[in-house]
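Colleague: Can you keep this structure in mind? I'll have questions shortly.
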């Protein structure tokens, strides 16, 4: 067991199926709808962090390459997306292992990570090293309704001044 990192083009159909099954167990969309979302929204070079046993994925998240506008410049970042742990394996440290792998990747590659979360999850992400972005109007990111933006910044770009 452990966290493995994949690029989309290295994921087998079976692994994508298992990811979609895991997502479907939490979000109220069918496996077919999850597969359609995956095809539409996941790019070939996006990253996938899977906590897995020999045959099952117990935890998952993706880092998707994106850009935001800051002072009329396009800034590259990774969108931390779809963070889920299989229900009966929660509170066993799996989320921390996946998060540490994400943060290690971002730090090693000097990248910015951004996530959107509900207010009730801010404390959880803060414990894992994320910072709440306080209403910075100079950053242009499409935010879902009632969501907050959190970030980690291992790049040399200061976008929160």
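The values are calculated or read from the model by the stated rules, or taken from the named source; none is laboratory data. Because the structure is predicted, anything quoted here is derived from the model rather than measured. Reconstructed Cβ throughout: ideal geometry from the backbone, glycine too, with neighbour counts over all protein chains shown.
Colleague: Tell me which residues, restricted to segment 78-130, are touching a strand residue (DSSP E or B) at 6+ places or on another chain (Cβ under 6 Å), in contact (Cβ under 8 Å) with a residue 60 or more places away in the chain and farther than 21 Å from residue 27 by Cβ.
Modeller: 97, 101, listed by residue number.
Colleague: Now for a separate question. Could you tell me which residue of segment 150-161 is farthest from residue 119 (Cα to Cα), considering only residues that are at pLDDT 80 or above and either part of a loop (DSSP other than H, G, I, E, B) or out of contact with any strand residue (DSSP E or B) (no Cβ under 6 Å at 6 or more places or on another chain) (or both)?
Modeller: Checked segment 150-161; the qualifying residue farthest from residue 119 (Cα to Cα) is 156.
Colleague: Can you confirm whether segment 37-46 contains a residue that is assigned to a strand (DSSP E or B), within 12 Å of the chain's Cα centre (by Cα), more than 20 Å from residue 155 (Cβ to Cβ) and in contact (Cβ under 8 Å) with a residue 12 or more places away in the chain?
Modeller: Looking for residues that are assigned to a strand (DSSP E or B), within 12 Å of the chain's Cα centre (by Cα), more than 20 Å from residue 155 (Cβ to Cβ) and in contact (Cβ under 8 Å) with a residue 12 or more places away in the chain, one finds none in segment 37-46, hence no.
Colleague: So, in segment 1-20, how many residues would count as being in contact with a strand residue (DSSP E or B) (Cβ under 8 Å, 6 or more places away or on another chain) and free of Cβ contacts under 8 Å to residues at least 12 places away in the same chain?
Modeller: Adding up the residues that qualify gives 0.
Colleague: A follow-up question, please. Could you check residue 25 against (1) modelled with pLDDT of 90 or more; (2) within 22 Å of residue 93 (Cα to Cα); (3) part of a helix (DSSP H, G or I) and say which number it fails?
Modeller: (1)
Colleague: Restricting to segment 73-113, and then to whatever is out of contact with any helix residue (DSSP H, G or I) (no Cβ under 9 Å at 6 or more places or on another chain) and part of a strand (DSSP E or B), can you tell me which residue is surrounded by the most Cβ atoms within 10 Å (Cβ to Cβ)?
Modeller: Of everything passing the filter in segment 73-113, 77 is surrounded by the most Cβ atoms within 10 Å (Cβ to Cβ).
Colleague: Further question: Hey, among the residues in segment 114-146 that are modelled with pLDDT under 90 and part of a strand (DSSP E or B), which one's farthest from residue 157 (Cα to Cα)?
Modeller: Result: 140.
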